[in-house]
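The values are calculated or read from the model by the stated rules, or taken from the named source; none is laboratory data. Please read these numbers as outputs of a predicted model, since none were measured by experiment. Here Cβ is always computed from backbone atoms with ideal geometry, including for glycine, and neighbour counts include all displayed protein chains. Just so you know, the surface numbers come from the protein's heavy atoms only, side chains and all, with ligands and any DNA or RNA stripped out. Shrake-Rupley method; radii C 1.70, N 1.55, O 1.52, S 1.80 Å.
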Amino acid sequence: MHDLKFLRTNRDKVEAGVALKGMHVDLARFYSIEERRLAVLHETEQLKARRNAASEEIAARKRRGEDAGSEIGAMREVGERIKALDAELKRLEDESEQLAAWIPQLPHASVPPGHDAAQNQLVRTWGELPKFGIAPRPHWEIAAALGLLDFERGTKIAGSGFLLFTGLGARLERALINFMLDFHTRRHAYREVSPPHLVRRAAMFGTGQLPKLEGEMYHVGEDDLFLNPTAEVPVTNIYRDEILEPGVVPAYLTAYCASYRREAGAAGRDTRGMVRVHQFDKVELVKIVPGESSYDEHEKLARDVSDIFEALELPYRVVLLCSGDMSFAASKCYDFEVWAPGSGAWLECSSCSNFEDFQARRMGMRFRRGAGAKAEFPHTLNASGVALPRTYAALLENHQTEDGGVRIPKALQPHLDGLTRIEPAKVASPK
């Protein structure tokens, strides 16, 4: 949410930023309402001033024993007009706030202009792309052959886009989650939380998923709750409608939480394997920081994400998103894409975003720098640290061996009781 004063006094900047985001917002209607609101406010203030002066005159006349009937009658008409104007002003303010809720965060000056992913900028790459003596297999073939996933039965249970991990496959997924949580809490000093999987409408509004993306979410109508679409929502909303006392900010939080997305309109895309699913596990990183440090914190956050892929020995690249490829709430965003040799594609496994004070304003979260200091809106940031199952898919494809097995990266081995390889001969077929 933007500061309404900023929107009202920076029309050119707002219109340019929304155009860069490529989002359709009725700014003409917003500013038309603002023009009418200011006119109504001006008339109301003049009438109230006139009424106050008349009240004093009426009182003086009564003290002098003079007739004040005509003035009293005139003020009744003024009062009725003020009442009508106040009602109109309330209606205009409500509509203005509703329209403002659809105005996206404006892109930071360092974000390249562009309409879609074709204008994104490559920032850096890490790791050598693996070479194989045979054609590398895609992850869905590897997972099925090793008994790690049962795609057919997952579909039978919940429909397409839902996965059933089995045996060592389920254990590998749990190991990845534990590895990432331990890594971020022990090495990066994040505080672990375990949030609810269901979130209120106000929480979805706070982080910017609503109202724009409601059709992409799973909604529990009877309770007006949403299945968490990303752990960013429950974790960032922990402090919604609070003023954080000195010492709380900066806050660094991490959480594991399953996430759920309908992905309306995505039918037929990436239907094989684990690339596009409706339920996915994720370890999230959230930062709540003072505004002046948020872009330094954004770079550190990106480094924290990088450490995970490097520890898992996965070649990746970092892409700076152009203005038109960013989310509704982000002012700047890096995507981390991991190479998947069997699929022949770069898979987006993490987005690392700075929202400035956009989310904090929407959720009413503020902080104090010291005792008695003025409450301020902090800046919020988040990143997947990292998301499954694309990372899982990339791990299978990059570490596959020519005999049909999969090598376990050294950093992950302690979470699998020292297992160094998934051996094909040791895996029984699911029954």
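Structure values in brief
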item: Within segment 115-166, considering residues that are part of a strand (DSSP E or B) and over 30 Å from residue 323 (Cα atoms), the one most open to solvent (accessible area, probe 1.4 Å); result: 165
item: Subset of segment 341-356 [within 29 Å of residue 293 (Cα to Cα) and either basic (Lys, Arg) or open to solvent by 20 Å² or more (accessible area, probe 1.4 Å) (or both)]; result: 348, 351, 356
item: Output for segment 219-248, where each listed residue is charged (D, E, K, R), open to solvent by 60 Å² or more (accessible area, probe 1.4 Å) and closer than 18 Å to residue 278 by Cβ; result: none
item: Flag if residue 337 is more than 26 Å from residue 211 (Cβ to Cβ) and in contact with a Gly (Cβ under 6 Å, 6 or more places away or on another chain); result: no
item: Residues (in contact (Cβ under 8 Å) with a residue 40 or more places away in the chain and either within 17 Å of the chain's Cα centre (by Cα) or open to solvent by 10 Å² or more (accessible area, probe 1.4 Å) (or both)) located in segment 301-318; result: 301, 302, 304, 305, 307, 310, 311, 313, 317
item: Test result for residue 169, open to solvent by less than 50 Å² (accessible area, probe 1.4 Å), closer than 21 Å to residue 343 by Cβ and over 31 Å from the mean Cα position of the chain (by Cα); result: no
item: Breaking point among (1) under 22 Å from the mean Cα position of the chain (by Cα); (2) open to solvent by 10 Å² or more (accessible area, probe 1.4 Å); (3) modelled with pLDDT of 95 or more; (4) over 27 Å from residue 19 (Cα atoms), for residue 338; result: (2)
item: Qualifying residue in segment 378-401 (condition: free of Cβ contacts under 8 Å to residues at least 60 places away in the same chain and among the aromatic types (Phe, Trp, Tyr)); result: no
item: Set 164, 172, 210: member being under 30 Å from residue 366 (Cβ atoms) and among the aliphatic types (A, V, I, L, M); result: 210
item: Near pairs, Cβ below 6 angstrom, 6+ apart or cross-chain, from segment 194-211 (at positive phi and open to solvent by less than 10 Å² (accessible area, probe 1.4 Å)) to any residue that is in a loop (DSSP other than H, G, I, E, B) and not charged (D, E, K, R); result: 208/328; 208/329
item: Of all residues making up segment 79-114, the number that are part of a helix (DSSP H, G or I) and either buried (at least 16 other Cβ atoms within 10 Å of the Cβ) or among the charged types (D, E, K, R) (or both); result: 18
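One line per residue, one yes/no per condition, for (1) among the hydrophobic types (A, V, I, L, M, F, W, C); (2) assigned to a loop (DSSP other than H, G, I, E, B):
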| site | (1), (2) |
| --- | --- |
| 391 | no, no |
| 394 | yes, no |
| 404 | no, yes |
| 414 | no, no |
| 418 | no, yes |
